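Visitor: Once you've had a glance at the structure underneath, I'll fire off some questions.
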Amino acid sequence: MNHWPFIIAAYAITIAGLIGLTLASFAAMRRAEAAADAIRKKP
Amino acid sequence: MHIFANPNRFLGIARPLTPWLAWGGVLLVAVALASGLFLTPPERLQGESVRIMYVHVPAAWLGMGGWTGIAIASLMQLVWRHPLAAVAARAVAFPGALFTAICLVTGSIWGRPTWGTWWVWDGRLTSMLVLLFLYIAYIALADASSDKGGSSRVAAIFGLVGAINIPIIKYSVDWWNTLHQTASISLTKNTIDGSILWPLPIALIGFSLLFGAIVLMRMRALLAEARIEARLKRMADA
């Protein structure tokens, strides 16, 4: 049995999950901190 | 830990630390995975599929480590009423759940060419699946209590009680006669050849640094949302 399709699938799932989570967390942080700064500056 | 009870002091450290952890983690993960794919030899019995270890083991480590973090934060919340403990526990939950899911999926992918099956109801696999369900339940509980403005005390108790599953996962391969192999690495023994083992600690450190960066980002988002909520409440009261 050729193991490489299994290896590629495992790495692809891990890397996709990691990139997706990192980008989603970064975007949520930037959005929330920008909103907090904006509301703080409101008179 | 009480040094970080002040959110502003915590943010003063978290803001510069986040990019260092993120980029350090990206670099180490890239080195470890490239080495695991192209530089290490195939294993004598498992063949090429041993390379899945470099993503599967860190995912298992972070899935279990994540819940250990939730349990410690829950204890700090319940006993010392640390103001950031609930935020930390909530921030760890989703990344921990994702790494547990990655561990289960990559383990299943490894099992097909190695064991000849995608899944067996063996002690290690089943207890790891239970951990994923615990994470999902914790996320639902923490979200529900935060929606009502609560301090997620129920979630903290659940986080503490759920920690019982961590030693069950760890020792499941010793307590029951399972298809999953016993621990290959411990403080006293190592059954993996050095030529295959060396990228694994790099992967463990790299994934852990990235996990740390993700948790800090999620904590910063939760703290910013809390600031917005407090400000809106003050504006409504005025």
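Visitor: Mind listing just one residue for me: the one in segment B:103-134 that is in a loop (DSSP other than H, G, I, E, B) and among the aromatic types (F, W, Y) and, of those, least open to solvent (accessible area, probe 1.4 Å)?
Guide: B:W119
Visitor: Looking at A:A9, A:A24, A:A38, which one is within 7 Å of another protein chain (Cβ to nearest Cβ) and open to solvent by less than 80 Å² (accessible area, probe 1.4 Å)?
Guide: A:A9
Visitor: Something else about it: Could you run through segment B:32-58 and say how many residues are of a type outside the set (K, R) and over 21 Å from the mean Cα position of the chain (by Cα)?
Guide: Of the residues in segment B:32-58, 16 are of a type outside the set (K, R) and over 21 Å from the mean Cα position of the chain (by Cα).
Visitor: List the pairs whose first member sits in segment B:226-238 and is within 11 Å of chain A (Cβ to nearest Cβ) and free of Cβ contacts under 8 Å to residues at least 60 places away in the same chain, whose second member is open to solvent by 60 Å² or more (accessible area, probe 1.4 Å) and among the aliphatic types (A, V, I, L, M), and whose Cβ atoms are under 6 Å apart, counting only residues at least 6 apart or on separate chains?
Guide: Nothing qualifies.
Visitor: Does B:W61 count as of a type in the set (F, W, Y) and either under 19 Å from the mean Cα position of the chain (by Cα) or open to solvent by less than 40 Å² (accessible area, probe 1.4 Å) (or both)?
Guide: Considered against the rule, which asks whether it is of a type in the set (F, W, Y) and either under 19 Å from the mean Cα position of the chain (by Cα) or open to solvent by less than 40 Å² (accessible area, probe 1.4 Å) (or both), B:W61 comes out as yes.
Visitor: I'd like the full set of residues that are touching a helix residue (DSSP H, G or I) at 6+ places or on another chain (Cβ under 9 Å) and either crowded, with 18+ Cβ neighbours inside 10 Å or assigned to a helix (DSSP H, G or I) (or both), limited to segment B:181-196.
Guide: Result: B:I196, single match.
Visitor: Report whether or not B:R51 is among the charged types (D, E, K, R), modelled with pLDDT of 95 or more and under 30 Å from B:W198 (Cβ atoms).
Guide: For B:R51, the condition - among the charged types (D, E, K, R), modelled with pLDDT of 95 or more and under 30 Å from B:W198 (Cβ atoms) - is met.
Visitor: State yes or no: is B:T100 touching a residue at least 12 places away in the same chain (Cβ under 8 Å), in a helix (DSSP H, G or I) and among the polar types (S, T, N, Q)?
Guide: yes
Visitor: Here's another thing I want to ask about it. Give segment B:13-28 a look and list any residue that's within 8 Å of B:L210 (Cβ to Cβ), touching a helix residue (DSSP H, G or I) at 6+ places or on another chain (Cβ under 6 Å) and within 10 Å of chain A (Cβ to nearest Cβ), or say none.
Guide: If the condition is that a residue be within 8 Å of B:L210 (Cβ to Cβ), touching a helix residue (DSSP H, G or I) at 6+ places or on another chain (Cβ under 6 Å) and within 10 Å of chain A (Cβ to nearest Cβ), then B:A22, B:G25 are the ones that fit.
Visitor: Out of B:V26, B:V50, which single residue is in a helix (DSSP H, G or I) and either on the phi > 0 side of the Ramachandran plot or open to solvent by 20 Å² or more (accessible area, probe 1.4 Å) (or both)?
Guide: Of B:V26, B:V50, the one residue that is in a helix (DSSP H, G or I) and either on the phi > 0 side of the Ramachandran plot or open to solvent by 20 Å² or more (accessible area, probe 1.4 Å) (or both) is B:V26.
The values are calculated or read from the model by the stated rules, or taken from the named source; none is laboratory data. Please read all numbers here as calculations on a predicted model, not as lab measurements. A quick note on method: Cβ atoms are made from the backbone with ideal geometry, for glycine too, and the neighbour counts reach across all protein chains shown. These accessible areas exclude ligands, DNA and RNA; they are computed on the full protein's heavy atoms, side chains included. Shrake-Rupley method; radii C 1.70, N 1.55, O 1.52, S 1.80 Å.
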